[in-house]
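One structure below.
Just so it is clear, none of the values below were taken in a lab; they were calculated from the coordinates. As the structure is a computational prediction, the values presented were derived from the model and not from experiment. Reconstructed Cβ throughout: ideal geometry from the backbone, glycine too, with neighbour counts over all protein chains shown.
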Amino acid sequence: MRLKILIFSCLFLTGHALFAQSGYYEDAYRFGHVKPSGSSRIMGIGGTQWSIGGDVSNIAGNPAGLGFFRTSEASVSLGYSDWKVNTIYLDQNKSYSTTNFNLPNLSYVMANPKLDLGRSGFKGGAFGISIQRIANFNTEYGFFSDEIGNTSIIDFYLQDANGIPESQIESFGITGLAYSTYQINPIIFDDNGNVINNPNTYDSFVTGFPFQDENVRQEGNSNQITFSYGANFNHKVFVGGSLGIRNLTFSSIKTYNEEFPDGPLISSSLGERLYINGSGINLNLGLIYKPIDYVNLGFTFQTPTWYALNEEYEASMTANYDNYEFEQEGVTLGRVEAVSDFILGSYNLNTPLKLGGGATFFLGKNGFISADLDWVDYSNANIKSRDFDEGPDNQAIKSTYTSTINYRFGAEFRFNVLRLRGGYAYYGDPIANSEFDRSTNQISGGIGAKFNKFSIDLALINQSSKGLYSSYQVLDAQNNNIGPVTELENKIFTGMLTVGFNF
């Protein structure tokens with residue numbers, strides 16, 4: 001199981017004190033928040049796709065759209081992303097940039113239409129298989145301050161250690177590492193001067209507040225292999241289903257530092273490394289209905305993804321003292337180090353289901369306008385494990401998250417073989433009862449050309465969002481967190497090129 005982790009996610013600070021300190025509740029959103037993706041054509045119109053048929057994106061989007069295919073198609077997409085993060089802490093800014101080249105989509109559709117001369121309402125269908133990148137975790141952020149902070153992480157250690165007997169404190173996560181490096185120490189005498197046997201309260205000889213800095217580097221991605229089939233009934237009703245098999249890898253390396261101008265502690269450093277990998281499975285059902293020739297209405301039901309995940313975690317801590325004489329134990333403190341055990345664990349994560357609907361209006365042969373709407377309730381995610389007590393994290397999931405309404409709209413205009421596209425997407429704030437807006441806005445555009453047996457499409461996507469990041473929490477008398485809070489401004493620029501072949 002994971003140790004009690006210092007860092008709380010940049011997405012989830014709400015201003016209240018209810019947190020599950022193990023951090024698993026963060027995975028419920030991190031791995032459950034998946035934006036619709038697909039070909040450059042679909043991304044150019046904002047990711048709108050629930051009611052659009054005849055695109056390879058239908059394989060993992062709305063599989064009913066495969067029923068529109070009259071010829072088989074193979075396509076490959078190439079992608080580039082630049083994730084910029086600007087952080088603000090104590091009115092000081094710092095900027096980060098992480099670039100990544102990837103293969104976001106590889107798809108094949110095998111069409112099997114039937115002749116319209118038959119009396120049967122079934123007009124054929126198409127099978128599809130795709131490998132799609134559905135999440136990118138590659139980013140870096142943090143903060144650096146040349147101003148004295150208002151608290152120290154030692155305040156967190158002291159609050160976290162309260163009530164833990166000294167005989168058990170060394171095994172108590174990173175707070176145990178703070179004990180091993182003398183940053184917190186047991187109070188061994190009561191008010192009358194009597195020795196306390198196995199004390200469970202602590203203090204620190206370190207005084208004053210420090211300069212603080214931190215760096216967080218994350219890597220990894222999530223991919224899905226999807227097997228789909230879509231059927232056509234009388235060119236009016238299209239139904240489909242798909243099976244998705246996901247795999248993910250995620251790693252996080254965090255380094256938090258403090259420097260004290262007056263001693264006796266000169267500096268301290270905490271490093272954490274977390275690695276998660278695993279796989280999951282989901283089902284997707286779709287329907288597209290054409291009430292009239294120039295209108296499509298689409299509906300999707302996506303089950304939860306049932307993940308089985310494994311993790312590795314370790315932490316290390318270093319404290320540098322100015323040869324401080326610690327009389328309580330009769331030692332002179334210089335450089336002191338402590339390392340946690342290497343921890344292996346496993347757990348199951350069920351992400352929330354998704355309901356979606358959309359409509360497309362065709363402008364004759366000149367193009368179309370399309371819009372989507374999704375509903376996702378992130379508070380319905382669930383964690384199970386035999387390695388740790390998942391109760392606090394499941395409680396944090398229910399109290400921290402809420403449902404969101406997401407919407408997208410876009411348009412495509414046709415000029416002979418040329419296609420021009422534009423779109424917008426909005427993804428709601430998943431945090432309940434928060435005054436800070438963490439919603440995501442996405443603007444996209446694209447251009448393409450479609451020939452008899454060949455198509456090429458380019459899309460550019462600009463996504464922006466904000467978040468809050470808390471390195472640690474310290475609670476005041478009103479149970480509010482007064483630990484350091486960093487504001488993050490995320491901007492992700494993505495370019496995609498898709499090449500398709502019909503046969």
message: At 7 Å along Cα-to-Cβ for each site, give me the label-to-label distance between N162 and S267 in nm.
response: 3.2
- request: Report the full-extension gain for the segment S403 to N433: residue separation times 0.36 nm, less the Cα-Cα distance, to one decimal in nm.
  value: 9.6 nm
Label zone at R414 (point 7 Å along Cα-to-Cβ), backbone N below 12 Å, the range 426-468: 450-452
- line: Cα extents of the range 270-403 per principal axis, largest first, Å, are 87, 35, 26
task: For the range 294-366, calculate the relative contact order in percent as a whole number, restricting contacts to Cα pairs under 8 Å that are 6 or more residues apart.
output: 51
message: For the pair N150/T249, report the inter-label distance in nm, with labels modelled 7 Å from Cα in the Cβ direction.
response: 4.1
- prompt: Counting every Cα pair in the range 173-328, what percent are over 20 Å apart?
  reply: 70
- line: Quick shape summary for the chain, equivalent ellipsoid via Cα gyration tensor, semi-axes whole Å in descending order, reads 53, 22, 18
task: Could you please rank T207, T486, placing first whichever residue has the fewest other Cβ atoms within 10 Å of its Cβ?
output: T207, T486
Directionally averaged shadow of the range 18-110, computed from the convex hull of its alpha-carbon atoms, nm²: 9.5
field: Simple spin-label estimate for N348 and H235 in nanometres, 7 Å along Cα-Cβ
entry: 4.7
field: Pairwise centroid distance, computed over Cα atoms, of the range 376-428 with the range 298-366, Å
entry: 19
- line: Listed with the fewest Cβ neighbours within 10 Å leading, I148, I288, I492 appear as I148, I492, I288
- prompt: Out of G286, L265, T332, whose Cα points farthest toward the positive end of the dipole of the range 258-334 (charges: +1 Lys, Arg; -1 Asp, Glu; placed on Cβ)?
  reply: G286
message: With viscosity set to 0.692 mPa s at 37 °C, what whole-number translational diffusion coefficient in µm²/s follows for the range 34-180 from Stokes-Einstein and a Kirkwood radius over Cα pairs?
response: 161
- request: Sort R414, R41, R119 so that the residue with the fewest other Cβ atoms within 10 Å of its own Cβ comes first and the one with the most comes last.
  value: R119, R414, R41
query: What percentage of all Cα-Cα pairs in the range 239-310 are separated by more than 16 Å?
result: 72
